[in-house]
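> Here's a structure for you.
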């Protein structure tokens with residue numbers, strides 16, 4: 001990562017260093033220079049990510065003369081909402097997506113994956129010469145590879161990929177107005193750089209979104225870690241885990257509220273908080289029954305790693321993407337049934353009410369829950385490390401996004417609500433892989449918890465280089481929790 | 001289906017008729033004529049299917065002058081077992097697979113899917129001119145399509161696909177020595193017929209295996225229904241269902257043995273028997289609480305159909321096959337963990353002991369279990385019908401194979417044992433899709449059982465054309481149950 005505008009820092013990680021950019025509002029003045037000739041940014045799409053990015057970019061670029069316009073499909077039902085947020089046809093900041101694409105110097109593609117797969121060629125066809133193509137994840141690269149297509153020649157192609165949901169990208173940016181540096185970490189990738197300024201534009205975009213910590217990746221690495229991560233510990237595995245544990249605690253005699261607390265509430269609350277503030281080994285130190293934690297960790301690591309490896313293979317091969325595209329055709333006639341009707345979620349309100357009661361003591365971290373969760377998180381970390389991902393990407397995609405963003409969000413609502421309300425690609429993936437994790441926990445891991453812990457595996461956990469990588473990344477964390 | 005040797009019959013099915021061949025030992029005398037010039041049959045592979053087919057073919061062809069030889073990979077660990085079953089180098093009926101392929105007029109490819117994918121070109125290269133290529137399922141066609149390959153020109157390509165495991169193919173054939181017509185139904189496909197005799201050879205092979213009821217299909221239809229069926233009601237769905245129900249009955253207060261009985265034991269015992277002998281509507285008439293059956297059926301049909309449609313899409317697209325091939329590489333270094341350690345299977349011995357006790361009354365069919373199971377079976381039937389499969393294929397691949405073969409086998413052992421011991425392709429598929437069914441039952445269907453039944457859905461069940469198709473097929477069923 002190099003820049004002629006921003007000061008790149010070096011992060012010490014296990015086995016070497018990585019270049020990163022520390023963000024903040026004090027850098028906004030440098031944005032016009034870093035954007036190198038971009039006078040107009042077109043954001044196509046008004047989903048959570050499109051809305052958040054359009055607003056953050058507009059706010060950060062206020063007074064610079066760089067305008068931000070929103071482009072929507074003809075007849076889009078989002079037009080009214082975009083107008084309500086101040087993007088209007090009258091001042092030229094709202095228009096047809098192809099018109100906006102045709103007149104922008106940086107075209108940010110934030111339409112849904114299926115729409116992107118269907119319409120990218122029309123968009124490419126109207127771009128002005130040398131306009132920069134901007135992505136926020138690697139889906140389109142995967143799709144182009146699967147279909148034998150490519151990005152059009154002569155255009156810079158860059159990606160800025162916030163490691164969190166669109167709502168969080170906006171929420172933390174707003175918190176950043178008072179706490180400089182509050183925002184969502186992002187990775188940047190330069191896929192094509194015909195004019196030599198693509199890297200600076202990507203960094204400018206990331207800074208303008210409010211990213212406190214920008215690290216470098218490639219579109220392919222980003223795509224793989226993003227899609228695998230959401231199917232793994234970020235969404236799929238956590239959903240499979242809490243469904244398993246809720247029933248297990250019920251079977252062990254717990255009442256429903258307690259079963260919910262020992263499973264979901266522990267994961268989204270004290271477990272996430274402990275990892276966020278003190279790292280993974282602190283969880284093992286925090287539980288009352290270390291032996292049970294170790295046995296649960298031992299029982300779950302292998303089966304979880306097996307599934308993460310399977311997900312990785314299928315994502316890297318393009319198989320997972322094909323299944324998403326096949327689902328798109330089915331979903332046109334038969335929408336997905338929500339999973340929020342599962343009995344455990346009926347306990348959520350009671351648990352959250354109890355949480356707010358002053359008389360209710362702090363929930364201890366259940367050692368069984370913690371052992372299974374941490375084993376799965378480390379299995380994903382180890383698989384990513386074996387597949388050659390950079391440490392910044394590994395810790396952001398496997399740990400920081402989970403404990404600082406998604407789990408707090410689930411803590412406020414619940415896990416199934418989040419699954420039923422996330423992107424189609426993530427929702428499909430969670431429904432596809434969550435049950436695989438559940439079956440592995442139920443049928444393989446839980447029966448094995450009775451066996452003694454494997455000292456070699458526990459030792460490997462304690463010595464895992466991820467702890468140093470996470471500590472290094474944590475120093476870049478703004479001193480603010482997301483308010484959900 | 002036409003034959004110059006055998007008498008083809010017409011089966012009346014909903015919407016028309018299908019040609020079928022009724023088998024039996026009285027037809028063995030016609031085999032030399034029907035095999036049209038085949039003097040030597042080479043069976044490559046000694047898995048359960050290879051062993052059963054080699055032995056059945058040899059027995060049926062005794063005294064005809066047609067020899068059956070077994071071909072094994074160099075260093076195969078199966079050589080001793082093949083010798084113990086009377087295939088020996090000394091009399092020229094056991095040899096290297098390429099040598100056996102090179103000297104046979106019909107080469108039956110029964111090596112494992114992964115080996116077939118890796119080595120089919122070597123085998124094709126040594127075939128004598130005009131030798132017939134024989135398959136027992138459509139995997140190789142799927143693989144050739146996925147990789148841009150094809151069968152070699154000038155060779156007849158036929159398939160005979162017994163609708164049951166290899167062990168059953170042998171077991172029922174042996175029972176057929178005393179009960180003419182006992183055997184496993186089979187589909188036949190003629191994929192290439194350069195000499196005009198491919199169809200008769202396929203029928204001869206099917207009769208020689210002992211098939212009492214041979215129906216026609218294509219390699220593509222066979223492949224799809226076979227792979228979808230084992231992921232659906234034959235293996236994957238039934239595994240997901242009993243895991244769900246066992247826990248649910250425990251949560252409702254049942255002791256473990258009763259929970260096992262109301263889930264697995266009901267499905268593999270009285271439910272399978274009732275469907276086998278009296279058809280699907282008889283299950284609804286047999287349960288004590290018809291309203292609960294109807295509500296369970298209503299709750300499960302939609303979610304089950306959704307998953308069957310997804311499986312079908314992925315099998316038809318080749319996605320499922322890619323995942324099997326990707327798994328092959330992983331399994332080389334990391335074998336699959338068995339799922340037989342799940343707590344419910346520890347109850348199996350107690351349940352089977354109780355079953356044999358004269359004091360133990362006949363188990364009633366649990367209405368919840370029955371409603372979920374029958375809904376899933378009908379969902380698969382309806383999906384196959386919508387996708388254009390022939391009724392013989394639908395009822396064999398969705399009902400007869402289940403209730404007459406697989407469920408009785410699971411009744412003797414258990415469901416997880418069967419999953420852990422079936423073919424790699426089936427085992428991978430069951431582990432991939434069984435948890436999807438489980439999650440759908442737990443998270444979507446069971447919570448919906450409280451709602452009233454949908455009279456339209458129940459009416460559609462009662463009027464479903466599958467009942468007539470199954471009754472027509474049942475007339476071809478020999479009057480013998482498989483002994484397991």
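> Of all residues in the range B:284-293, count the ones that are crowded, with 22+ Cβ neighbours inside 10 Å and in a helix (DSSP H, G or I). Give the derivation first.
Initial filter on the range B:284-293 (crowded, with 22+ Cβ neighbours inside 10 Å): B:287, B:293.
Now narrow it down to the ones that are in a helix (DSSP H, G or I): B:293.
So the count comes out to 1.
> Of all the residues that make up the range A:351-388, how many are closer than 27 Å to residue A:445 by Cβ and assigned to a helix (DSSP H, G or I)?
Residues in the range A:351-388 being closer than 27 Å to residue A:445 by Cβ and assigned to a helix (DSSP H, G or I): 21 in total.
> Can you say whether residue B:264 is touching a residue at least 60 places away in the same chain (Cβ under 8 Å) and either within 13 Å of chain A (Cβ to nearest Cβ) or at negative phi (or both), as far as the supplied structure shows?
The answer is yes for residue B:264.
> Considering the range A:458-479 alone, what residues qualify as being in contact with a helix residue (DSSP H, G or I) (Cβ under 7 Å, 6 or more places away or on another chain) and either without any contact (Cβ under 8 Å) to a residue 40 or more places away in the chain or buried (at least 16 other Cβ atoms within 10 Å of the Cβ) (or both)?
Once the filter is applied, which keeps residues that are in contact with a helix residue (DSSP H, G or I) (Cβ under 7 Å, 6 or more places away or on another chain) and either without any contact (Cβ under 8 Å) to a residue 40 or more places away in the chain or buried (at least 16 other Cβ atoms within 10 Å of the Cβ) (or both), the range A:458-479 yields A:458, A:461, A:464, A:466, A:467, A:469, A:470, A:473.
> Suppose we filter A:240, A:279, A:253 for residues that are at pLDDT 95 or above, more than 10 Å from every other protein chain (Cβ to nearest Cβ) and either in contact with a helix residue (DSSP H, G or I) (Cβ under 6 Å, 6 or more places away or on another chain) or closer than 23 Å to residue A:409 by Cα (or both); which single one remains?
From the options A:240, A:279, A:253, the qualifying one is A:279.
> Of the residues B:5, B:43, which is within 25 Å of the chain's Cα centre (by Cα) and at pLDDT 95 or above?
B:43
> With the condition kept exactly as written, say whether any residue in the range B:397-414 is at pLDDT below 95 and within 14 Å of chain A (Cβ to nearest Cβ).
Yes, that holds for at least one residue.
> Follow-up. Within the range A:441-466, how many residues turn out to be part of a loop (DSSP other than H, G, I, E, B) and at the interface with chain B (Cβ under 8 Å from one of its Cβ atoms)?
Number of matching residues: 0.
> Inside the range A:177-206, can you point out the residues that are assigned to a loop (DSSP other than H, G, I, E, B) and within 19 Å of the chain's Cα centre (by Cα)?
A:181, A:182, A:183, A:184, A:185
> Could I ask something else about it? Do you know which residues across the range A:419-440 are more than 14 Å from every other protein chain (Cβ to nearest Cβ) and in contact with a helix residue (DSSP H, G or I) (Cβ under 6 Å, 6 or more places away or on another chain)?
Hits for the range A:419-440 are A:425, A:426.
> Which members of the range A:324-350 meet the condition of being part of a helix (DSSP H, G or I), within 11 Å of another protein chain (Cβ to nearest Cβ) and more than 18 Å from residue A:419 (Cα to Cα)?
A:325, A:326, A:329, A:330
> If we scan the range B:297-306, do we find a residue that is surrounded by 21 or more Cβ atoms within 10 Å (Cβ to Cβ), within 7 Å of chain A (Cβ to nearest Cβ), modelled with pLDDT of 85 or more and not in a helix (DSSP H, G or I)?
Among the residues of the range B:297-306, not one is surrounded by 21 or more Cβ atoms within 10 Å (Cβ to Cβ), within 7 Å of chain A (Cβ to nearest Cβ), modelled with pLDDT of 85 or more and not in a helix (DSSP H, G or I), which makes the answer no.
> Report, by residue number, each residue of the range A:10-36 that is closer than 18 Å to residue A:182 by Cα and in contact with a strand residue (DSSP E or B) (Cβ under 7 Å, 6 or more places away or on another chain).
Matches in the range A:10-36: A:20, A:21, A:22, A:23.
> Ok, one more. Are any of the residues in the range B:310-322 within 13 Å of chain A (Cβ to nearest Cβ), at pLDDT below 95 and not in a helix (DSSP H, G or I)?
yes
> If I filter the range A:16-38 for residues that are free of Cβ contacts under 8 Å to residues at least 60 places away in the same chain, part of a loop (DSSP other than H, G, I, E, B) and exposed (fewer than 13 other Cβ atoms within 10 Å of the Cβ), do I get at least one hit?
No: zero hits.
The values are calculated or read from the model by the stated rules, or taken from the named source; none is laboratory data. Computed from a predicted model, the values in this text were never measured in an experiment. Using ideal geometry, Cβ is built from the backbone for each residue, glycine included, and neighbour counts are taken over all protein chains shown.
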